[in-house]
Number of protein chains: 2
Amino acid sequence: MSKILVFGHQNPDTDAITSAITYSHLLNQLGEEAEAIALGDLNPETQFALEHFSVQAPRVLKKVAAETDRVALVDHNEFQQSAEDIREVDIHSVVDHHRIANFETASPLAYTARPVGCTQTVIYGLYQVHGVEVTKEIAGLMLSGLISDTLLLKSPTCTEEDRKLASKLAEIAGIDLEAYGLDMLRAGADVSEKSALEIADGDAKSFEMNGHSVRIGQVNVVDVNDVLKRKDDMLQVMQKETAEKGYDAFFLVVTNILTNDSEGLLVANVDLVEHFEKAFAGEIVDSQIALPGLVSRKKQIVPPLTEAFEEA
Amino acid sequence: MSKILVFGHQNPDTDAITSAITYSHLLNQLGEEAEAIALGDLNPETQFALEHFSVQAPRVLKKVAAETDRVALVDHNEFQQSAEDIREVDIHSVVDHHRIANFETASPLAYTARPVGCTQTVIYGLYQVHGVEVTKEIAGLMLSGLISDTLLLKSPTCTEEDRKLASKLAEIAGIDLEAYGLDMLRAGADVSEKSALEIADGDAKSFEMNGHSVRIGQVNVVDVNDVLKRKDDMLQVMQKETAEKGYDAFFLVVTNILTNDSEGLLVANVDLVEHFEKAFAGEIVDSQIALPGLVSRKKQIVPPLTEAFEEA
């Protein structure tokens, strides 16, 4: 049997990378040969987490079929977010916490998903089922994924189970949850070295809304002015991307991880602007709209926007 | 929150029906309001099992949206095998042991699948995770699903885990595995009272293969001649179904549960016949092909056929 390559989604975040590592460790403990890889470069937040626990970064690959015919997906399932040649390999297993779409297999597989705040919570459950020890390093990686996806337990996607697990993992990892969490999020919130395109599109995903292609990016900061002081540059690059990629709108959500408020920047076809104003009950002034209390793209940005587009 | 309706696939077999009952029992124990239903009438094998353990048969429904907006799927995931109005409701959870295809959700959900011999083995694992007691009746139902799907542990889909679980469940249920298993399979293998349509389509499922709709039925017997002596009638009804339902092919697998060999009967668009010959390395003679040693639709029929269709 060939080695199982384990990976999270493209544009990997901390949950995607650390889940690949903890899940491949679990597979190894269960007697499978497995290796975690990454479908893209690690962001500074993830680098901070791996360095803190002295864990080596995985290799970066875009395609996998040249190396193996068996893979495991973590933190995603939709093929357009996966390895470019995902359809050429067998999927051994999936561990995830997202909706299921654009996913199919020819054979039965192990698929474990639950509607919790991060993939690591699901993986922790598998460690329990198989009686595999959660070491200090594994606990640290699991906790880092959890903190990243739930914005240190502040996101509405965070469940009671995630909260309880966070305390338990912090104890095993021997760290102060709050202090480590803020340090880690801060490491990812430094945009000073990033280009306007990296800020706008680095974490962006495309969504289909009533026939319109809506690009939604999100960037975490400790001060929204770190991005807003470069607003003209930001809007220019969003305009350029929109024209080149054929989007109907590009919405960038700038999230303050300390206050848990956001500001939105918008470039859109003129007919679509009102949908954003309706969705977020505010006014777009000078291409900008306040999004007080909103931090979750999945739960607080995409659903009201989808609804506003559909009611139009 | 509305009640969760729990159901297996259309043309339900024993694993589909008993899994709906054991999984809805688990959900009830976890504080959810859930009810097992069936998407079709129970076959004689399933009736034998429910009667043996004095368990009431579930209601039969074809559509569910009029009663609830939340459902749980067991022993299937492909929408064409599910409730007719499956796209109108939210899927709370899935427990399964099949490939994943033609399945998608708008929201995250709990999805638990493992490549084992029956859905009941996966459900048993969930009982363990949640510390819910497996009573005598629940054990009996789980074992019946396991025996049915693995042909009394003879199918290549049967794993070591299924085998161990079978012994454990037989003990809890207080029955002799071999004796009960043969009695149950025999109860389902009597085709003398069945119409040709019931034999061909009673357990049939539709599969999408490279753009073609392929209907695959399977019937268990203790002598393949019980069906083959009615071959003309069988082919006629398969032809009629194919024309009326718009299938591109209808393949009926007649399986001898004592010898673990099968014979295949085929009605297909002329261009597709070669795919069957290629898949099973034999010749279709007089609409019939020998399938020695093949008993598992999931593991031995669908995969080579899918591959043959895709290579075409």
Worksheet item: Which Cα, out of A:175, A:130, A:146, lies furthest along the positive dipole direction of the range A:118-198 (beta carbon charges, K/R +1, D/E -1)?
Response: A:130
Item to complete: Could you grab the Rg to Rh ratio for the range B:1-100? Cα atoms only, Kirkwood for Rh.
Response: 0.94
Worksheet item: How much of the calculated P(r) for the range A:196-311 lies past 26 Å, in percent of all Cα pairs?
Response: 8 percent
Worksheet item: What is the local net charge at residue B:55, summed over the other residues whose Cβ is closer than 13 Å to its Cβ (Lys, Arg +1; Asp, Glu -1)?
Response: -1
Worksheet item: Using 1/(1 + (r/R0)^6) with R0 = 35 angstrom and r between the beta carbons of residue A:66 and residue B:311, what's the FRET efficiency to the nearest 0.05?
Response: 0.95
Worksheet item: Going by accessible area, probe 1.4 Å, with all protein chains left in place, what is the ranking of B:183, A:149, B:271, largest first?
Response: B:271, B:183, A:149
Worksheet item: How many Å² of accessible area per residue for the range B:196-311, probe 1.4 Å?
Response: 43 Å²
Worksheet entry | Rounded to 5, percent antiparallel among DSSP beta bridges of the range A:196-311 | 70 percent
Practice prompt. Under 19 Å Cα to Cα from residue A:136, which aspartates and glutamates show up? Leave out anything in the same chain fewer than 8 places away.
Written response: A:15, A:51, A:162, A:171, A:176, A:178, A:183
Worksheet item: How crowded by other chains is A:89-99, given as the mean number of beta carbons from other chains within 10 Å of each beta carbon?
Response: 2
Worksheet item: Using a label point 7 angstrom from Cα along Cα-to-C-beta, what distances in nm, from shortest up, separate residue A:229 from the other copies?
Response: 9.2
Item to complete: Give the carbon-plus-sulfur fraction of the accessible surface of the range A:8-120 in %, rounded to a whole number; probe 1.4 Å, heavy atoms of protein chains only.
Response: 43 percent
Worksheet item: Treating the beta-carbon of each Lys and Arg as +1 and of each Asp and Glu as -1, no other charges, what is the dipole magnitude of the protein assembly as shown about its Cα centre, to the nearest 20 debye?
Response: 680 debye
Worksheet item: Shielding of B:101-112 by partners, i.e. mean partner chain Cβ atoms within 10 Å per residue?
Response: 6
Item to complete: Note the full-extension length gain between residue A:129 and residue A:29 as 0.36 nm times their separation in residues minus their Cα-Cα distance, in nm to one decimal.
Response: 34.7 nm
Discussion item. Once R0 is set to 56 Å, what does the formula 1/(1 + (r/R0)^6) return for the Cβ-Cβ distance between residue A:284 and residue B:171, expressed as a FRET efficiency to the nearest 0.05?
Written reply: 0.25
Response to the item:
Sorted largest first, the C-alpha extents of chain A along its principal axes in whole angstrom are 58, 44, 34
Practice prompt. Project the alpha carbons of the protein assembly as shown onto their principal axes and report the range along each, largest first, in whole Å.
Written response: 83, 51, 49
Response to the item:
Between residue B:136 and residue B:233, the two model label points (7 Å from Cα along the beta-carbon direction) sit apart by a distance in nm of 4.1 nm
Worksheet item: In whole Hz, what ³J(HN,Hα) sequence does the range A:179-185 give by Karplus (6.51, -1.76, 1.60; θ = phi - 60°), x for Gly and Pro?
Response: 5, 4, x, 5, 4, 5, 5
Worksheet item: Just which residues of the range A:115-133 lose 40 Å² or more accessible area with every protein chain there, against their chain alone, with the probe set to 1.4 Å?
Response: A:115
Practice prompt. Show A:286, A:248 ordered by accessible area, largest first, where the area counts protein heavy atoms only and the probe is 1.4 Å.
Written response: A:286, A:248
Item to complete: In nm to one decimal, list the spacings between the residue A:47 label point and its equivalents in the other copies, with label points set 7 Å along Cα to Cβ, shortest first.
Response: 7.0
Discussion item. In whole Hz and in residue order, list the ³J(HN,Hα) couplings for the range B:66-83 that follow from phi through the Karplus curve 6.51 cos²θ - 1.76 cosθ + 1.60, θ = phi - 60°; x for Gly and Pro.
Written reply: 5, 9, 7, 10, 10, 9, 10, 9, 10, 6, 5, 9, 5, 4, 6, 9, 10, 4
Item to complete: Would you mind telling me the antiparallel percentage of the DSSP bridges in the protein assembly as shown, rounded to 5?
Response: 45 percent
Discussion item. Suppose you put the label 7 Å out from Cα in the Cβ direction; list, shortest first and in nm with one decimal, how far residue B:33 is from each other copy's label.
Written reply: 5.4
Worksheet item: Using the beta-carbon distance between residue A:163 and residue B:178 and R0 = 60 Å, what value does 1/(1 + (r/R0)^6) give for FRET efficiency, to the nearest 0.05?
Response: 0.75
Response to the item:
Summing -39500 (n - 2.57) over every DSSP H run of at least 4 in the protein assembly as shown, dividing by its residue total and rounding to the nearest 500, the 222 nm mean residue ellipticity is -11500 deg cm²/dmol
Item to complete: Ignoring ligands, DNA and RNA and using a 1.4 Å probe, state the total buried accessible area between A and B in Å², rounded to the nearest 100.
Response: 1600 Å²
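The values are calculated or read from the model by the stated rules, or taken from the named source; none is laboratory data. This structure is a prediction, so every number in the text was calculated from the model and none was measured. Positions of Cβ are backbone-derived with ideal geometry, glycine not excepted, and every protein chain shown enters the neighbour counts. Ligands, DNA and RNA are excluded from the accessible area calculation, which covers all protein heavy atoms including side chains. Shrake-Rupley method; radii C 1.70, N 1.55, O 1.52, S 1.80 Å.
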